[in-house]
Structure formats: structure tokens, C-alpha cells
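Okay, so here's the structure we're looking at.
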Amino acid sequence: MKKTIITTALMLCATGIFAQWKPAGDNIKTQWAEKVNPQNVLPEYPRPILERSDWQNLNGLWDYAILPIGKAEPTNFDGKILVPFAIESSLSGVQKNVGRDNELWYKRTFTVPSAWKGKNILLHFGAVDWKADIFLNDVKIGSHTGGYTPFCLDLTPFLKSSGEQKLVVRVWDGTDSGFQPRGKQVSKPEGIWYTAVTGIWQTVWLEPVNNQHIVSVNTVPDIDNGRLKVEVKSANTQPSDIVTVKILDGTKIVAEAKSVACQSLELYIPDAKLWSPESPFLYDMEVSLLSGGKKTDNVKSYCAMRKISYKKDADGIYRMQLNNKSYFHYGPLDQGWWPDGLYTAPTDEALAYDIQKTKDFGFNMIRKHVKVEPARWYTHCDRLGILVWQDMPSGDRSPQWQNRRYFTGAEMVRSPESEANYRKEWKEIMDYLRPNPSIVVWVPFNEAWGQFKTADITQWTKQYDPSRLVNSASGGNFYHGVGDILDLHNYPAPDMYLYDAERVNVLGEYGGIGMPIQDHLWPSERKWGYVEFKNSDEVTAEYVKYALILKDMAKRGFSAAVYTQTTDVEGEVNGLITYDRKVVKLNEQKVREVNREVISVVK
């Protein structure tokens with residue numbers, strides 16, 4: 001009887017919670033939208049590259065309010081919002097615009113588990129777009145700017161001794177009215193520009209740690225010498241504290257080392273198994289921190305032995321190499337948008353879906369376009385085996401790109417505030433993603449959009465991470481002969497109209513073959529595609545035609561190519577898959593076969 005009463009009570013409680021939330025609006029949605037449970041939203045551990053066993057998910061229903069800038073914390077809130085979905089999204093349950101003249105307020109309470117007594121309590125935000133102020137128990141404890149990077153705060157000094165803790169977050173986002181990086185977001189979406197994303201859009205979570213704890217772990221493989229450099233950052237350590245690292249293949253320890261906490265470690269890995277899209281082998285890694293002989297922290301991670309470089313082939317063409325072998329990078333432009341969650345995939349299964357379909361199409365690379373994803377997306381890339389070109393999200397002045405016109409003259413001048421923000425956020429993005437072996441190319445600029453001080457930014461990027469290639473400006477108008485790559489854009493068909501004999505030459509964007517499919521379209525007056533066809537056979541034939549042109553150009557000098565694009569996005573109908581991920585538009589087998597033909601040209 002007792003069990004029945006408890007079960008009934010839980011069912012009534014769940015019914016009440018569901019009654020407070022449902023997807024807003026009637027736009028198209030993915031199949032995963034139906035699996036969103038407000039009691040258990042994105043329950044997976046959010047940071048698998050640095051994992052601890054104990055944590056608490058704060059996703060779920062929060063109070064929200066929209067107020068003019070400068071107003072005090074509201075006493076009455078407008079309703080409930082499902083975190084971590086942006087307020088403009090359907091899955092937030094709200095689907096309202098905020099705008100540059102308003103601020104978005106969030107509020108919830110939480111309790112700290114009694115088992116965490118004596119620990120430091122860290123509050124993590126996966127990402128908040130754009131400026132976030134954090135208040136705990138009516139004390140402002142921190143702020144963060146930047147819509148694409150994680151940040152955390154130590155709550156310990158501000159927690160009440162027991163009971164409920166009050167957490168409030170205030171957010172401002174100017175979207176396209178300010179200088180901040182914002183990718184394809186605009187206040188009035190149309191064509192190739194999409195809905196604004198404001199506020200919390202990645203998982204919020206708590207984590208208990210000891211005062212002396214590990215902050216980050218980065219690895220730099222050196223396959224030529226069979227070595228792995230491990231850089232461990234820690235907090236509140238003493239000069240005598242020790243870091244230990246173990247590298248494992250299954251249960252077998254293949255390497256281990258110790259150092260004082262402020263030093264990097266080098267481990268020798270004999271006969272290393274190399275990572276590639278064809279064989280994405282990952283070593284497990286355990287990192288511990290010891291103080292006075294006692295373990296104060298222990299984290300699980302992983303790493304890979306792989307090398308990205310470039311070298312002239314027998315014909316004098318610079319080719320990108322993976323693990324010292326010429327390797328043609330071929331993949332789609334992946335924007336990472338969702339009709340129901342906008343920037344946020346409805347579930348982890350959905351997050352992995354686009355990557356797996358990219359592999360199914362026979363591609364070996366993804367260009368992550370002017371967006372940064374949650375940490376789990378990059379882990380899926382690491383585990384499934386896909387190369388990633390990572391863009392810096394564009395911002396500031398709109399692009400003035402013109403096909404075939406490349407300039408060597410003056411670039412735009414950013415304001416000191418704009419430049420400082422760009423440099424801050426680009427560094428934070430690189431710090432965030434450096435541990436992921438799937439990342440092989442950094443892309444600071446796209447199509448001259450906000451492009452400034454190209455040589456300086458390129459040099460800094462290369463110096464900060466010499467283990468990867470730098471594509472200074474994908475399709476940028478301003479050509480400075482810097483970086484590792486010359487990147488051309490041409491729509492719809494491939495074309496090679498510029499060549500740099502001292503760099504890798506790539507086709508950074510082409511394609512855009514459109515096909516609208518009824519009942520799978522986003523509300524929009526204009527359906528965008530560079531060319532448009534009526535059925536799958538026609539689209540597939542056009543894709544194959546372009547791929548064969550590309551195959552010939554690969555023989556003559558292209559070493560990579562990016563097809564636009566993975567899915568439809570809002571008004572764009574040029575995806576390989578519909579926006580709701582319910583229809584694969586092209587003949588998958590034919591696409592896979594011709595893609596493999598293109599890739600096999602370079603050996």
C-alpha cells in the first residue's frame with residue numbers, strides 16, 4: 001500500500017510539472033522534442049573530457065521575467081521557463097523575444113546535499129548568451145560575458161548553512177545591435193539569418209570539490225616521438241602538491257607519470273594506437289591531485305594520439321596530413337540549429353545524430369560554422385571519429401563578401417571594446433576545446449565578417465596552439481598570405497580561382513542545393529537555396545555532378561572541401577536533411593559512394 005501511495009503521489013507531482021510546461025508555438029519539431037522531460041532535462045554528465053562522479057543537474061523549470069534594463073530584481077515573475085532552452089525557443093515553453101532594451105531574469109532554489117558538507121561547491125554554466133550576472137542569496141557573486149564558453153563560480157562563501165539556496169541570473173544580449181560575437185542570430189530573421197538566442201542555453205550544474213582541486217586537463221600528442229604532453233591546471237595548490245597521470249588502454253596501464261602541481265608531464269606511449277576517422281581510438285586517462293600524500297581530487301578523462309600537419313606531395317602541392325599521411329578533409333557546413341531548441345539540441349541522442357549522419361554520408365570532417373557546441377558534442381566527435389574545423393562565431397560589422405574579389409588593402413577597424421571582446425572570447429573558446437582530439441583546424445574569421453588584424457590574430461592563434469592548423473579567414477576578402485590555408489568560397493558549383501603555392505588550398509564552402517519539402521518547413525516567406533530542385537533524384541544528381549567536379553580539382557590542388565550544408569535551417573532549404581531531421585533528402589548511398597571517390601583522390 002505504501003509503495004502505491006508513493007507512486008501515485010509521484011505521478012500527480014509529475015502531472016503538475018507537465019501542466020506548467022509544454023513546447024510553445026506550432027512550428028515544426030524534431031522527433032526528440034517528444035522525449036523532453038521537464039523533470040530530467042539533458043541528464044547526461046555535461047563535461048565528459050573532465051569527469052567527476054558527484055554532481056547535481058540544475059536544468060528544469062525556473063522562474064523567468066523580462067524587464068527593461070536597469071530594473072531591480074522582480075518580486076513577481078512572468079512564469080516558468082525550461083532551462084537550458086533559450087527563451088526564444090519552443091522547448092523553453094515561452095518563445096518570447098527579449099531585445100536589446102530588456103533584461104531576462106531567472107530564479108530558482110536548490111539545496112546542497114548533506115553528503116557535500118565540507119566541500120567547495122562550484123556552480124557551472126555551459127553557456128549563457130551574452131552577459132550574465134549571478135546572484136546567490138541576494139549577493140552578486142560574479143559576471144561573465146561571452147555567449148559560447150563555459151564558466152563557473154565558487155558558491156561556498158555565500159551559501160547558507162542549511163536549507164534552500166536562492167539562485168538568480170540576470171542576462172542582457174544585444175544580438176545584432178552590438179559588437180559581440182553572435183553567429184547567424186539577428187533580431188529580425190530572414191533568408192540566411194536566424195532567430196535570436198538569449199540567456200541560458202547549455203546545462204547548469206553543481207559540483208562538489210575539495211579546496212585543492214583540478215581545474216583543467218589538456219593533452220598535446222607527439223606521435224613522431226611516441227610522447228604525450230599533459231598540462232594540468234589546479235586551484236589552491238601548494239608547491240609540494242603532486243599530480244599523477246595514468247594512460248589506459250582498457251584496464252591496462254600503458255603509461256604513468258608524476259609531477260609537482262605547477263609542471264606539465266610527458267609520458268612515453270610505446271606503439272601508440274593512432275586516432276583517425278577510420279579508427280577513432282581513445283585512451284582513457286586518470287588524473288589525481290595529492291596533497292600531503294592524500295588524494296584531494298581525481299578526474300576521469302581521455303586522450304588520443306594523432307597529428308595534424310601539411311606537406312608537399314610528389315607534385316609540389318601542399319596537402320593536409322593526418323598522422324603523417326596525406327588526407328583529404330571533406331565534410332558539411334554544420335550550423336548546429338534546431339527548430340525546437342534553436343541553439344540547444346532537445347536530447348543528447350539528437351546532439352549525436354547529425355554527427356552520425358555525417359559519417360553515414362561518407363564524410364570525414366565537419367566545419368562547425370560560426371557557433372560553438374556543448375562539450376558533449378565534441379566528445380561525440382572524438383568517439384565517433386570526425387575531424388572538426390572550428391569557427392570563431394562572427395560578430396560586429398556585417399559581412400561585405402564578394403565572390404572572386406580578394407583584397408590586400410585595409411581591413412575594418414574594430415573599436416577597442418570590440419577587439420578586446422573578440423580576443424577574450426576566442427582565447428576562451430580555444431581553452432575550452434583544446435583537449436578534444438577531433439579539433440584539427442581553427443578558423444578565426446568567416447567571409448571578412450568582422451575581419452581585422454588578420455596577420456596578428458593568425459599569428460597569435462598559431463602561437464597559442466601550434467599543434468593545429470590555422471585557416472585565417474574562410475572565404476575572407478582580405479588576403480594576407482598568412483596562416484596555413486587559403487580558403488575559397490564559391491556557390492553553387494566548385495571552382496578554383498585563386499591558388500597559393502605556399503599553403504594548403506581548400507574550398508571552404510560550395511553547394512547550397514535547395515529542395516523544400518512540404519510539412520518540414522520553417523515559417524518563412526522566402527525559401528533560400530543557391531539552386532533549387534523538386535525531388536531527391538534531381539538533388540542527388542546535382543550533388544554528384546558537383547562532387548565529380550571537385551574530384552578533378554582535388555587532383556589539381558584542393559586539399560579539402562566543405563559542402564553547404566548538413567540540415568535546412570529556418571528559411572534555408574539547402575540541407576542534406578530537413579530542419580526537423582525527419583527526411584534525408586538525398587540518396588544516401590550515392591552520396592556516400594561519390595564522397596569516398598573524392599576523398600580517395602589524395603593519398
Candidate set from the range 222-233 (those that are assigned to a strand (DSSP E or B) and over 20 Å from Glu51 (Cβ atoms)); member that is farthest from the chain's Cα centre (by Cα): Arg227
Output the number of the condition that Leu104 fails; it satisfies all remaining conditions of (1) part of a loop (DSSP other than H, G, I, E, B); (2) under 17 Å from Trp201 (Cβ atoms); (3) open to solvent by less than 50 Å² (accessible area, probe 1.4 Å). (1)
Okay, strands (runs of 3 or more DSSP E) sitting entirely in the range 326-439 with 3 or more residues that are at pLDDT 95 or above and over 30 Å from Val602 (Cα atoms), I get none
Taking interchain pairs and intrachain pairs at least six residues apart, which have beta carbon atoms under 8 angstrom, with the first residue in the range 358-385 and within 16 Å of Ser276 (Cα to Cα) and of a type in the set (Lys, Arg) and the second open to solvent by 10 Å² or more (accessible area, probe 1.4 Å) and part of a helix (DSSP H, G or I)? Lys359/Leu384
Being over 30 Å from Lys29 (Cβ atoms), in contact (Cβ under 8 Å) with a residue 24 or more places away in the chain and open to solvent by less than 40 Å² (accessible area, probe 1.4 Å) is true for just one of Leu548, Leu469, Leu486, Leu498. Which residue is that? Leu469
Matching residues in the range 138-156 (out of contact with any strand residue (DSSP E or B) (no Cβ under 8 Å at 6 or more places or on another chain) and open to solvent by 20 Å² or more (accessible area, probe 1.4 Å)) number 1
Within the range 552-592, which residues are surrounded by fewer than 24 Cβ atoms within 10 Å (Cβ to Cβ) and without any contact (Cβ under 8 Å) to a residue 12 or more places away in the chain? Asp552, Gln589
Find the residue count for the range 277-325, including only residues that are open to solvent by 20 Å² or more (accessible area, probe 1.4 Å), under 30 Å from Ser240 (Cα atoms) and part of a loop (DSSP other than H, G, I, E, B). 2
Lone unmet requirement of (1) in contact with a helix residue (DSSP H, G or I) (Cβ under 9 Å, 6 or more places away or on another chain); (2) without any contact (Cβ under 8 Å) to a residue 12 or more places away in the chain; (3) farther than 24 Å from Lys424 by Cα; (4) of a type outside the set (D, E, K, R) for Val186: (3)
Residues of the range 238-263 being modelled with pLDDT of 95 or more, more than 28 Å from Gln356 (Cα to Cα) and among the polar types (S, T, N, Q), which ones? Thr244, Ser259
If I go through the range 184-219 residue by residue, how many of them are surrounded by fewer than 17 Cβ atoms within 10 Å (Cβ to Cβ), at pLDDT below 95 and out of contact with any Phe, Trp or Tyr (no Cβ under 7 Å at 6 or more places or on another chain)? 3
Which one of these is part of a loop (DSSP other than H, G, I, E, B) and either β-branched (Val, Ile, Thr) or under 27 Å from the mean Cα position of the chain (by Cα) (or both): Gly476, Gly508? Gly476
The number of residues in the range 234-269 that are open to solvent by less than 90 Å² (accessible area, probe 1.4 Å), closer than 23 Å to Ala304 by Cα and assigned to a strand (DSSP E or B) is 15
Take the residues of the range 144-162 that are modelled with pLDDT of 95 or more and assigned to a loop (DSSP other than H, G, I, E, B): which is nearest to Val215 (Cα to Cα)? Pro150
So, Glu542, is that one among the acidic types (Asp, Glu) and open to solvent by less than 50 Å² (accessible area, probe 1.4 Å) or not? yes
Tabulated pairs, the range 237-257, first farther than 20 Å from Asp297 by Cβ, second among the aromatic types (Phe, Trp, Tyr), C-beta under 9 angstrom, 6+ apart or interchain: Asp249/Phe281; Asp249/Tyr283; Val254/Tyr283; Ala255/Tyr268; Ala255/Tyr283
Condition first: open to solvent by less than 10 Å² (accessible area, probe 1.4 Å) and hydroxyl-bearing (Ser, Thr, Tyr). Now tell me which residues in the range 442-466 satisfy that. Thr454, Thr458, Thr461
Expected single match for on the phi < 0 side of the Ramachandran plot and touching a Ser or Thr at 6+ places or on another chain (Cβ under 7 Å) among Val204, Val209, Val243 is Val243
Which numbered condition Phe135 misses (of (1) in a strand (DSSP E or B); (2) in contact with an Asp or Glu (Cβ under 9 Å, 6 or more places away or on another chain); (3) open to solvent by less than 10 Å² (accessible area, probe 1.4 Å); (4) of a type in the set (A, V, I, L, M, F, W, C)): (3)
Could you give every pair whose Cβ atoms fall below 7 Å, whose first residue belongs to the range 432-456 and is on the phi < 0 side of the Ramachandran plot and of a type in the set (A, V, I, L, M), and whose second residue is open to solvent by 10 Å² or more (accessible area, probe 1.4 Å) and at pLDDT below 95, counting only separations of at least 6 or pairs across chains? Ala455/His480; Ala455/Val482
Could you tell me whether any residue of the range 83-96 is more than 17 Å from Tyr343 (Cα to Cα) and either buried (at least 18 other Cβ atoms within 10 Å of the Cβ) or touching a strand residue (DSSP E or B) at 6+ places or on another chain (Cβ under 7 Å) (or both)? no
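The values are calculated or read from the model by the stated rules, or taken from the named source; none is laboratory data. Owing to the predicted nature of the structure, the values given are computational and were not obtained by experimental measurement. For neighbour counting, all protein chains shown are included, and Cβ atoms are generated from backbone atoms with ideal geometry for every residue, glycine included. The accessibility values were calculated without ligands, DNA or RNA, using every heavy atom of the protein model including side chains. Shrake-Rupley method; radii C 1.70, N 1.55, O 1.52, S 1.80 Å.
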